[in-house]
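Working notes, structure below.
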Amino acid sequence: MNALQKKDLSLLVLIIVVGTVVALINPRFLLVGNISNTANQVGLFGVFSIAEAFVIITGGIELSVGSVIALLGVVFIDLIVNHGINWIAACAFVIAGGLAIGAVHGLLVSRMHIQPFVVTLCGLLIYRGVARYYTEDATAGFGFSSSFPTLEWMTAGRTNILNFPLPHSVVVLFVVGAVAWVVLHRSVFGRYLYAVGKNEEAARYSGIRSGRIVVSAYVICGGLTALAAILIAMYTRSISPAVHGSFYELYAIAAAVLGGCSLRGGEGSIMGVVLGTILLQVLQNLVNLLGIPSSLNFAVMGTVILIGVLAD
Amino acid sequence: MSERFLELIDISKIYPGVTALDRVSFSVSRGEVIGLVGENGAGKSTLMRVLGGVTEPSGGTIRIDGVARASLTVAEAIKAGIAFVHQELNLFDNLDVAGNIFIGREPLHAGPLKLIDRKRLRAQVRPLLERLAVDFEADRLVAELSLAQRQLVEIMKALSLDARLVIMDEPTSSLTLTETDRLLQVIDGLKAQGVSVIFITHRLNEVKRCADRAVVLRDGRVVGALAREAIAPATLIRLMIGRDLKSLYIPPASPPGDRVLDIVEVRTATYPDRAVSLSVRRGEILGLAGLVGSGRTELARAVFGIDPLRGGSIRLEGEPIRIAEPSAAIERGIYLVPEDRKRSGLLLDFSIAENISLPDLASYARGMLVQTAAEVQNARRQRERLNIRTPDVMTAVGTLSGGNQQKVVLAKWLSMRPRLLIFDEPTRGIDVGAKQDIYQLLRRLADAGVAILMISSDMEEVIGVSDRIAVMHEGAISGFLERNQFSEHNVLELAVGHTV
Ligand SMILES: Nc1ncnc2c1ncn2[C@@H]1O[C@H](COP(=O)(O)OP(=O)(O)OP(=O)(O)O)[C@@H](O)[C@H]1O
Ligand SMILES: [Mg+2]
């Protein structure tokens, strides 16, 4: 546990260093509006990065995060905008969908013994395809007339605290992160997750039903991804199913790896994943603010992740 | 004997909180067989790791062929002709036997592609297989081998190096008498060729049989060296633990009670057409002997729900039960202490406390949350009870010495309330003194009404601890022995399939 905390600390230092450099070169980095926007991005990306971490800790991987976000996003908007379904029911439906997708992935991995990479790669292709077919490749969005003030306030709203407009996505991330922290680092289930990820055979010999644990991890991942899908849909307000959420699984994996998760399983912390997400978003911001051509976006991010992982 | 080609002078190794080696001096002459003994955590493996270039000493000098240096790298050690059989096995599960033995040194086809020459590879492996007369082929996947068989692969790997010094760290810990005999013959052969051998073991008879010199370590210091004539188990024990040991067998407090476990015509995947029947009674310690590969571990795994049964049935206290998962066995009070601690017994990166609490984690939890204080408290209790050598129960199990890791595996299961305890090589790598404590503990458990099935390849242990012995041969029971029939001869006869 101590080693993990040390890892988190060095990540924090890295974030502060990068932040300071950006702020020195372009003071606009520190503008309230910019920080608030970046925080909003952290909130949105943090939720599905935590989702990814649950799976990675069991030694698996979930590649369909972005496609699920697109599919569930269009379904959600379609339900409340075109079918006039109550938004609470729609939220419940979408989250149930996420849980179901997770359960299918988990069962395919643990019962059918198909490699997680393969299962979720197929998921990535299938859900993207279904999302595009569902809207006939058209953009799904809110019309001018439709308005859901409560839902909008809850998901995409901001509350002024000490003159800082705190995005509600950050509040959601805080709640999700706190619960996930307790589950992963304090609960019996969390201990089992790490045990299965570290050495499934030894876990089994200790009486842990490793199959169930693996399925639960994918289910949790699916549910949190669905939550993220709603938040993101409400933030973007319109979804082009061909591109919405694409590469998000890679952001999630990157955040988890930066945060100390090992792709071999059994390692990583919630604090680390959140810090990893923050670092990625600060980098994104850096590209924007320093006038680096946005085509170099991924190159910058890849380089920093590599440095971060090497520094470990 | 005269030519001392290797000398360690005042070697120390300090880990945080532990002095593993304290100014140890040690030398090896050509063609000399050295038995290295000492309690768990005495520093034997650490000393050998220094010699093999795996661990960097904190101080001291290593002199090879007159050249002094402060430390070695693995490559330098190999170049100096040192081959190493590690205590914890390091094989590639996904490669076959030949591939493991010659990893990195595979014979290649001529040509730019450098393809592996399978024919030559097999030809080079064959003499090694014959030398140890192993019962498996060169193209078997290591993943399919038993622990003892994997141990033999490690030994062959070291022998294939044509070294001038072979270090074997507890090579016999999972071997039965037959394989051990063969290994000791191989050691004699090496010696005759002028190769030196350092041999670590907790089976002191082996030292007496093959060593020219015995070196005893205690708390990281050399506390004695005995010449060939002076080597005797009792003397070694006194040097190792500073006291004498009394005989092993402790009779039960009362005669055995009802049958707890009935194994009826059970067949396993390894021997699908051989059926095994046996019963274990309350308060009884039933020893299960046999050669490596006789199907003992497979039987235990089937009872514990790791492998599915191929046939037959299992009854617990007369009631037929179906166990599809270890968790189901554990719920019923059937526990298995597996033989391979690194693979199935422990999570090496987890702390001692976390390992011990794992099979019973719910009882350390309030609500859904694990109470670390309760875990630590119990781990401390187990540390006293089993004398696990560590300053802190929150240290990772992987940093403990082999024998102390084994004690943690035992502690996992002894913290709970068993009805039937199956031990697969319970004292693998545990020193003589601690073994004695564990045997007392087993007897106390049995007297408290637990039924114990103890698989063991250690002849002294089977004969010294069991109330009754079942012997297996090629997947079937070849006979039972009552205490008055116990003898090494009888066990061996049954183990090779004869009758007594
Ligand atoms: N990597 C490590 N980190 C911390 N302590 C270590 C490490 N390796 C060994 N030790 C400690 O050094 C001491 C000596 O260990 P060593 O493995 O040499 O014992 P050993 O004589 O081989 O015992 P055994 O008979 O149980 O195999 C032990 O107290 C052990 O806990
Ligand atoms: Mg050792």
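The values are calculated or read from the model by the stated rules, or taken from the named source; none is laboratory data. Keep in mind that this is a model prediction, so the values were computed, not measured. Positions of Cβ are backbone-derived with ideal geometry, glycine not excepted, and every protein chain shown enters the neighbour counts.
At least 1 residues being within 16 Å of ligand 1 (Cβ to nearest atom), among the hydrophobic types (A, V, I, L, M, F, W, C) and farther than 30 Å from residue B:118 by Cα is the threshold, and among the helices (runs of 4 or more DSSP H) wholly inside the stretch B:1-101 those reaching it are B:44-51. Against the conditions (1) assigned to a helix (DSSP H, G or I); (2) outside the structural domain of residue B:171 (by TED's automatic domain parsing), residue B:237 satisfies every one except (2).
Summed over the stretch B:373-392, residues that are within 7 Å of ligand 1 (Cβ to nearest atom) and more than 17 Å from residue B:437 (Cα to Cα) total 1. Residues that are charged (D, E, K, R) and over 19 Å from residue B:456 (Cα atoms) within the stretch B:297-328 comprise B:307, B:310, B:315, B:317, B:319, B:322, B:325, listed in sequence order. For the stretch B:309-330, check the following and say yes or no: at least one residue is within 22 Å of the chain's Cα centre (by Cα), buried (at least 18 other Cβ atoms within 10 Å of the Cβ) and either modelled with pLDDT of 95 or more or in the same structural domain as residue B:425 (by TED's automatic domain parsing) (or both). No, every residue in the stretch B:309-330 fails to be within 22 Å of the chain's Cα centre (by Cα), buried (at least 18 other Cβ atoms within 10 Å of the Cβ) and either modelled with pLDDT of 95 or more or in the same structural domain as residue B:425 (by TED's automatic domain parsing) (or both). The single condition among (1) polar (S, T, N, Q); (2) free of Cβ contacts under 8 Å to residues at least 12 places away in the same chain; (3) over 29 Å from residue B:30 (Cα atoms) that residue B:235 does not satisfy is (3). Put simply, of B:60, B:17, B:38 the only residue that is surrounded by 15 or more Cβ atoms within 10 Å (Cβ to Cβ) and under 28 Å from the mean Cα position of the chain (by Cα) is B:38. Pairing residues of the stretch B:357-369 that are without any contact (Cβ under 8 Å) to a residue 12 or more places away in the chain with residues that are of a type in the set (Lys, Arg) and surrounded by fewer than 18 Cβ atoms within 10 Å (Cβ to Cβ), at Cβ distances under 7 Å and at least 6 apart in sequence or on separate chains, gives B:369/A:186.
All of B:130, B:137 fail the test of being without any contact (Cβ under 8 Å) to a residue 24 or more places away in the chain, farther than 18 Å from residue B:495 by Cα and more than 16 Å from ligand 1 (Cβ to nearest atom), apart from B:130. Residues in the stretch A:190-207 that are within 7 Å of another protein chain (Cβ to nearest Cβ) and surrounded by 19 or more Cβ atoms within 10 Å (Cβ to Cβ): A:191, A:195, A:198, A:199, A:202, A:204, A:205, A:206, A:207. Considering every residue within the stretch B:139-153, establish whether at least one is within 16 Å of ligand 2 (Cβ to nearest atom), more than 14 Å from chain A (Cβ to nearest Cβ) and either farther than 27 Å from residue B:424 by Cβ or β-branched (Val, Ile, Thr) (or both). Within the stretch B:139-153, not a single residue is within 16 Å of ligand 2 (Cβ to nearest atom), more than 14 Å from chain A (Cβ to nearest Cβ) and either farther than 27 Å from residue B:424 by Cβ or β-branched (Val, Ile, Thr) (or both).
In the stretch B:145-170, the residues that are surrounded by fewer than 23 Cβ atoms within 10 Å (Cβ to Cβ) form Cβ pairs under 8 Å with partners that are basic (Lys, Arg) and modelled with pLDDT of 90 or more, at six or more places apart or across chains, as follows: B:164/B:30.
Residue B:222 meets the conditions (1) within 16 Å of ligand 1 (Cβ to nearest atom); (2) assigned to a helix (DSSP H, G or I) in every case but one. The failed one is (2).
Only residues that are at pLDDT 85 or above, within 16 Å of ligand 1 (Cβ to nearest atom) and either in contact with a helix residue (DSSP H, G or I) (Cβ under 6 Å, 6 or more places away or on another chain) or in a loop (DSSP other than H, G, I, E, B) (or both) were counted across the stretch B:158-174, and they come to 6. Taken over the stretch B:361-377, residues that are facing another protein chain (nearest Cβ under 8 Å), of a type outside the set (Gly, Ala, Ser) and either under 18 Å from residue B:409 (Cα atoms) or part of a helix (DSSP H, G or I) (or both) amount to 1. Taking residue B:89, is it under 21 Å from residue B:155 (Cβ atoms), touching a helix residue (DSSP H, G or I) at 6+ places or on another chain (Cβ under 8 Å) and at pLDDT below 90? Criteria met by residue B:89. Restricting to the stretch A:123-137, what's the tally of residues that are closer than 15 Å to residue A:233 by Cβ and either within 21 Å of the chain's Cα centre (by Cα) or hydrophobic (A, V, I, L, M, F, W, C) (or both)? Matching residues across the stretch A:123-137 total 2. When the stretch B:89-132 is filtered for residues that are surrounded by 15 or more Cβ atoms within 10 Å (Cβ to Cβ), among the charged types (D, E, K, R) and in contact with a Pro (Cβ under 8 Å, 6 or more places away or on another chain), only B:117 remains. Here residue B:434 fulfils each of the conditions (1) within 16 Å of ligand 2 (Cβ to nearest atom); (2) assigned to a loop (DSSP other than H, G, I, E, B) apart from (2). Screening residue B:395 with (1) under 22 Å from residue B:241 (Cβ atoms); (2) within 16 Å of ligand 1 (Cβ to nearest atom) gives one miss only, at (1).
Only one entry in A:147, A:169 is more than 14 Å from every other protein chain (Cβ to nearest Cβ), more than 30 Å from residue B:337 (Cα to Cα) and part of a loop (DSSP other than H, G, I, E, B), namely A:147.
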